[in-house]
Amino acid sequence: MMDYQSILNDIHAHVISEKDKGTVASYIPELALIDINNFGLHLRTKNGEEYGVGDCNKPFSIQSISKVLALALAASKKGSTILNRLGVEPSGHPFNQLALLEIENGIPRNPFINSGAIVVADIIVSLFNDPKVEFLNYVRNLTGDDNIHYNLNIAKSEKETGFRNYAAANLLKSFGNLENPVEEVLDYYFMQCALEMTCQQITKSFHLFANKGKCLFEKSQLSEQQAKRINAIMLTCGFYDEAGEFAFEVGLPGKSGVGGGIVALLPDHYVITTWSPGLNKKGNSKLGMLALEQFTTKTQLSIF
Ligand code: DON
């Protein structure tokens, strides 16, 4: 039997002693206020054992981690038709890059770069009368936890400063790849990104990807094929222009957010979430990546 708790404790002790913790994101002004010294790590095995350390029960802004849950919701309603409007190739460029979108006629490379996530947001806005409430309820149901909320200050802060996302949405609109008004789609998208969750809640919400599409309560939310495919997109696109490096160091499908969270999973085995707000130059949590590299190295549990 692996002693997961002492492995997590060792990683925690090692990682928080690092001097260079990266840089907190400041392009969303409200995110810059967070204390860089937060560090949380939470693991849940497929059969329900849970292990946590540090700030694993403190809510933080999940940001781009929400893109995976939004994709799952859209795929569960629309199936593979969403692929008419989106690719599944890594972009090799930062998450907010615009040049490829122009060159490739408004079809985003994948659903995790911002332009792709804005297309998914448009699909969700078309599907529901109240998309913000529907998305929140979807995540609460996956997690079995009603104590999950949007942070309205963070949504407002990004709405006031998200100029590149407005540019991306306008480009999508000009190519005919946005059904709803730019303002309406981004109003939803900024709120979706401003969802706050703890490491433990994120770990629970991602159980469906480690469990062939069935959530914590064994309800089928995605087909096995959809779960397999979303894991593949996490592996190849979850860390933008650092997806190769993450596969190389950690070896798991996963997703990062500029709030400093990273969730990663080994299908049929476990989900693990880290939170450390300091980011590296590619916008992924510096200590989070280090912690996950240590976890898969110490446990020898990666997809490779
Ligand atoms: O759209 C944005 O820029 C943010 N709401 C989310 C970006 C993000 O989390 C990128 N991930 N590392």
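Per-structure values
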{"item": "Positive minus negative residues near Q63 (Lys, Arg vs Asp, Glu; Cβ under 13 Å)", "result": "-1"}
{"item": "With Cα atoms, 0 to 90° folded angle of helix 224-237 axis to the chain main axis", "result": "90 degrees"}
{"item": "Nearest-ten-degree value, helix 66-78 long axis tilted from longest Cα axis of the chain", "result": "60 degrees"}
{"item": "Total formal charge among the other residues, if their Cβ is under 12 angstrom from that of N137, Lys/Arg +1 and Asp/Glu -1", "result": "-2"}
{"item": "For region 39-178, with +1 on Lys and Arg beta carbons and -1 on Asp and Glu, the positive-most of L152, L171, A70 along the dipole", "result": "L171"}
{"item": "Cα gyration tensor shape for region 121-160, rounded if a/c is under 1.5, else prolate or oblate", "result": "oblate"}
{"item": "Computed magnitude of the charge dipole of the chain (debye, nearest 20; Cβ of K, R +1, Cβ of D, E -1)", "result": "420 debye"}
{"item": "Net length gained if the chain between K214 and I303 were fully extended (0.36 nm per residue, minus Cα distance)", "result": "30.0 nm"}
{"item": "Disulfide-incompatible cysteines by the Cβ rule (no partner under 4.7 Å) in the chain", "result": "C193, C215, C237"}
{"item": "Mean separation of Cα contacts under 8 Å (6+ apart) over length of region 89-156, as relative contact order %", "result": "18 percent"}
{"item": "Inverse of mean 1/r across different Cα pairs in the chain, Kirkwood, Å", "result": "18.9 Å"}
{"item": "Residue list for region 1-35, given a label point 7 angstrom along the Cα-to-Cβ vector of E49 and an amide N cut-off under 19 Å", "result": "1-12"}
{"item": "Förster-model FRET efficiency, 51 Å R0, L83 and A13, C-beta, rounded to 0.05", "result": "0.70"}
{"item": "Exposure proxy ranking, count of Cβ atoms within 10 Å, fewest first, for C193, C215, C56", "result": "C215, C56, C193"}
{"item": "Anisotropy class of region 182-304 from Cα gyration tensor, a/c 1.5 cut", "result": "oblate"}
{"item": "Rounded to 10°, Cα long-axis angle of helix 152-161 versus longest principal axis of the chain", "result": "50 degrees"}
{"item": "For K19, K286, K159, order by how many other beta-carbon atoms lie within 10 Å, fewest first", "result": "K19, K159, K286"}
{"item": "Formal net charge of residues neighbouring K286 (Cβ-Cβ distance under 13 Å; K, R +1; D, E -1)", "result": "-2"}
{"item": "Taking F128, F112 and counting other C-beta atoms within 10 Å, the order from fewest to most", "result": "F128, F112"}
{"item": "Computed [θ] at 222 nm, deg cm²/dmol, the chain (DSSP H ≥ 4; -39,500 (n - 2.57); rounded to nearest 500)", "result": "-13500 deg cm²/dmol"}
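Where a number appears in this text, it was derived from the coordinates with a stated rule and is not lab data. Keep in mind that this is a model prediction, so the values were computed, not measured. Every residue, glycine as well, gets a Cβ built from its backbone with ideal geometry; the counts of neighbours run over all protein chains shown.
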